[in-house]
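Trainee: Can you read through this structure? Questions will come right after.
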Amino acid sequence: MTTTIKNGSDSLQISTPSISSSATLVELGISKWTGRKLDKSASSHVTLVSNAKRGVANVHKKLLGDCAELKAIDTIVGVARTAHYSMTMPWSDTGLRLLTTKAYFKYHETMTEIQASFDDCVNTFLQAYDWEITQAQAKLGDLFNRNDYPTTDSLARKFGFRLSYMPLPEAGDFRLDINNEAQAEMKSHYETYYTTQLNNAMNDIWQRAYKCLSNMSERLDYASHESKKVFRDTLVSNVLDIVDLLSVCNVTNDSQMEAMRMKLEDTLQGVTPDALREDEFLRAETKKSVDEVLKSLPSLDM
């Protein structure tokens with residue numbers, strides 16, 4: 001992408017890679033009721049009986065104790081955030097993440113299924129809510145206060161799951177009532193931001209690859225140990241996930257990234273966790289190939 005900014009007879013050209021047609025921005029927003037509340041009276045009592053300075057101790061109540069239905073919501077929220085971060089790349093500090101068009105359909109399908117599970121968990125929790133309050137009274141004893149609990153209708157509004165997609169802006173027209181020199185400066189600043197964020201996004205992919213491949217290399221290194229190292233079946237599937245990631249997230253068409261993907265794909269062709277455990281030659285050759293890929297990685301700020 002080349003942007004030309006005219007200022008009288010002079011012109012300024014700024015070039016950056018354009019990925020607006022191969023990626024979009026996505027934001028995941030999840031809200032939930034935590035089921036926790038600060039008890040000021042209990043906090044003051046603890047401070048007093050401990051002869052401590054005011055404000056150094058706080059008592060937070062779990063309003064429903066160990067409520068299984070509320071825990072289920074927390075679990076699905078964790079699943080959603082893990083899936084969101086694993087299938088996207090960082091873009092801005094505001095929560096926006098970069099999602100490639102190649103990964104869009106898998107991402108949207110995955111997140112839609114998780115959202116459906118989230119909604120089911122919330123409905124199950126709301127149906128059990130009144131009963132859980134009754135149970136909480138026995139669990140909390142003197143800490144129980146009925147005013148701590150919102151109504152079911154009010155509680156329902158505290159839960160939300162939102163996916164927001166938006167186009168990735170290029171350094172387009174800054175049609176503002178300012179002079180050409182100021183417009184050129186604004187565009188230059190955005191070009192710098194755009195390039196920096198893109199580099200950060202790609203570096204994130206490299207770092208994920210480094211972490212995953214380093215783990216495989218370490219797990220397959222039996223030579224310097226008397227006993228075999230234990231590893232899970234996910235040792236292979238995690239690297240296969242990285243192979244897929246290198247394919248769908250290569251928005252800059254980086255030849256080095258593509259070469260690395262092809263080498264890993266070839267290395268893991270037909271390789272299974274059990275085969276790696278039992279076949280010393282296969283294990284050594286796989287580690288050798290993985291180490292070669294690791295050496296070819298660009299310099300990273302780990």
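The values are calculated or read from the model by the stated rules, or taken from the named source; none is laboratory data. Note that the structure is a prediction, hence the values are computed from the model and not measured. Here Cβ is always computed from backbone atoms with ideal geometry, including for glycine, and neighbour counts include all displayed protein chains. The accessibility values were calculated without ligands, DNA or RNA, using every heavy atom of the protein model including side chains. Shrake-Rupley method; radii C 1.70, N 1.55, O 1.52, S 1.80 Å.
Trainee: Starting from 0.36 nm per residue, how many nanometres of slack lie between Ala223 and Ser31 once their C-alpha separation is accounted for?
Mentor: Gain on extension, Ala223 to Ser31, equals 64.2 nm.
Trainee: Enter the accessible area per residue of the chain (Å², integer; probe 1.4 Å; all protein chains in place).
Mentor: With all protein chains present, the chain gives 59 Å² per residue.
Trainee: What is the spin-label model distance, in nm, from Ala156 to Asp291 if the labels are put 7 Å beyond Cα along the C-beta direction?
Mentor: Taking the two extended label points, one gets 6.2 nm.
Trainee: Further question on the same structure: Taking just the alpha-carbon atoms of the chain, what radius of gyration and Dmax come out, in angstrom?
Mentor: Spelled out, the Cα radius of gyration and Dmax of the chain are 26.5, 81 Å.
Trainee: Just the C-alpha atoms of segment 193-291: what Rg/Rh do they give, with Rh taken as the Kirkwood radius?
Mentor: Ratio of gyration radius to Kirkwood radius: 1.04.
Trainee: How much length would be gained if the chain were fully extended between Asp274 and Lys62, taking 0.36 nm per residue of separation minus their Cα-Cα distance, in nm to one decimal?
Mentor: 71.8 nm
Trainee: Run the simple label-point estimate for Val46 and Phe105 please: 7 Å along Cα→C-beta, distance reported in nm.
Mentor: Here the answer is 5.3 nm between the modelled labels.
Trainee: Here's another thing I want to ask about it. Where the accessible area of the chain is counted over protein heavy atoms with a 1.4 Å probe, how much of it, in %, is carbon and sulfur?
Mentor: 49
Trainee: May I ask you to evaluate 6.51 cos²θ - 1.76 cosθ + 1.60, the Karplus curve with θ = phi - 60°, for each residue of segment 137-146 and list the ³J(HN,Hα) values in order in whole Hz, giving x for glycine and proline?
Mentor: For segment 137-146, the Karplus-derived couplings read 4, 6, 6, 8, x, 5, 7, 6, 9, 4 Hz, x marking Gly and Pro.
Trainee: Right, another one. Across 10 Å bins from the origin, how do the percents of Cα pairs in segment 85-141 run, short distances first?
Mentor: 19, 27, 22, 18, 13, 1
Trainee: Given a Förster radius of 51 Å and the C-beta distance between Glu113 and Met262 as r, what FRET efficiency does 1/(1 + (r/R0)^6) yield to the nearest 0.05?
Mentor: Efficiency computed from Cβ-Cβ geometry: 0.95.
Trainee: Give me the tail of P(r) for segment 32-179 as a percent: Cα-Cα pairs with distance above 27 Å.
Mentor: Every Cα pair in segment 32-179 considered, those over 27 Å come to 47 percent.
Trainee: Going by average Cβ density within 10 Å per residue, which order do the peptides 253-261, 136-144, 24-32 take, highest to lowest?
Mentor: 24-32, 253-261, 136-144
Trainee: Between Asp130 and Ser21, how many nm apart are label points set 7 Å from Cα along the C-beta direction?
Mentor: About 5.9 nm separates the two model spin labels.
Trainee: Pick from Asn58, Asn199, Asn123 the residue whose mean-square fluctuation is largest in a GNM of the chain, springs joining Cα atoms under 10 Å.
Mentor: Fluctuation is largest for Asn58.
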